[in-house]
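Read the structure below first, then the notes.
The values are calculated or read from the model by the stated rules, or taken from the named source; none is laboratory data. Computed from a predicted model, the values in this text were never measured in an experiment. For neighbour counting, all protein chains shown are included, and Cβ atoms are generated from backbone atoms with ideal geometry for every residue, glycine included.
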Amino acid sequence: MAKKGFSEEQIAKRFNLFKEKYQQLYPEDLWEYIEENFWLYVFQTCAPDVLMQVYTEMGLVHENGDFYAAHISKIKERFNIGCNIIDIGSGIIPSFANKLAYEQLKINKGTITIYEPLLVDAKAKYPNMTIHKEDFTQKTDITKFDLVTGIMPCEATETIIEQACRYQKDFYIAMCGCVHLAMPSYYGSYISPEYYQNYIIDKTKRLIKEFNNGELEIDYLDSNFAIDYPILSNRR
């Protein structure tokens, strides 16, 4: 993920500063994963989300593009970000939400509210942010929000889309490559990510039609990010 011009020594110094600030806040097994894989992905265009959050917090962005900025650019093409946004499954460190909040501050419009039970730090980075260190559920009230976002929100994906359609809200959901679906045993023990993604797409189409929530648009990040998972949004 690192830009050219950063030596390994400079990156190591930044990582040590990050460790001093955050290590004690991470679950032990998750921190072990970060330490074991930090150098494996640091010079690649993309990485597992927990590592992308670390690299972003350290100020290391790949020369071929910024994963979170790429999503914000797509959101700007579709929606007005100067509104009340709810971001779900924001991550251990809410890197995407932080960047989006900063973009709102630049235009002096909009707020962003985060729902993420795994946040290591529940303090908002910017004044236009509200933090909820808790799960997003079907009981979460989203009536006051204009746009629902989720960048690889994993098991929350289905609930997010259900709620966004039910409340007739704009949404932008970048799917992950995991499978979050309990299937009958006759499907076998393995369900491919593609099967799960198609299941979500089909359900989204049905819910959009049922709740008159616009038209489904399916998009993908540029190939240089090496993440070919669908991005689902609605056009109203």
Could you list, in sequence order, the residues of the range 65-91 that are within 17 Å of Tyr229 (Cβ to Cβ) and among the basic types (Lys, Arg)?
Lys74
Would a scan of the range 79-92 turn up a residue that is under 18 Å from Phe18 (Cα atoms), modelled with pLDDT of 90 or more, in a loop (DSSP other than H, G, I, E, B) and within 13 Å of the chain's Cα centre (by Cα)?
yes
Can you list residue pairs whose Cβ atoms sit under 7 Å apart, with the first residue in the range 154-176 being small (Gly, Ala, Ser) and the second being in a strand (DSSP E or B) and surrounded by fewer than 21 Cβ atoms within 10 Å (Cβ to Cβ)? Count only pairs 6 or more apart in sequence or on different chains.
Ala174/Ile231
Any residue at all in the range 68-78 that is among the polar types (S, T, N, Q) and within 17 Å of the chain's Cα centre (by Cα)?
yes
Identify all residues within the range 48-60 that are in contact (Cβ under 8 Å) with a residue 12 or more places away in the chain and either more than 15 Å from Phe18 (Cβ to Cβ) or assigned to a helix (DSSP H, G or I) (or both); write none if there are none.
Asp49, Val50, Leu51, Met52, Gln53, Val54, Tyr55, Thr56, Glu57
Checking the condition in the same structural domain as Cys178 (by TED's automatic domain parsing), surrounded by 13 or more Cβ atoms within 10 Å (Cβ to Cβ) and touching a residue at least 60 places away in the same chain (Cβ under 8 Å), which residue from Leu207, Leu221, Leu216 passes?
Leu221
Across the range 191-236, what is the number of residues that are at pLDDT 95 or above, under 15 Å from Gly150 (Cα atoms) and in a loop (DSSP other than H, G, I, E, B)?
2
Which members of the range 24-41 meet the condition of being in contact (Cβ under 8 Å) with a residue 40 or more places away in the chain and surrounded by 17 or more Cβ atoms within 10 Å (Cβ to Cβ)?
Tyr26, Tyr41
Quick check: is even one residue across the range 101-110 of a type in the set (A, V, I, L, M, F, W, C) and either in contact with a helix residue (DSSP H, G or I) (Cβ under 9 Å, 6 or more places away or on another chain) or not in a helix (DSSP H, G or I) (or both)?
no
Pick out, from the range 127-185, the strands (runs of 3 or more DSSP E) lying fully within it that include 2 or more residues that are assigned by TED's automatic domain parsing to the domain that holds Gln104, at pLDDT 95 or above and within 21 Å of Glu210 (Cβ to Cβ).
147-151, 170-174
Residue count, the range 6-25 (criterion: in contact with a Leu (Cβ under 8 Å, 6 or more places away or on another chain) and farther than 15 Å from Ile93 by Cβ)
2
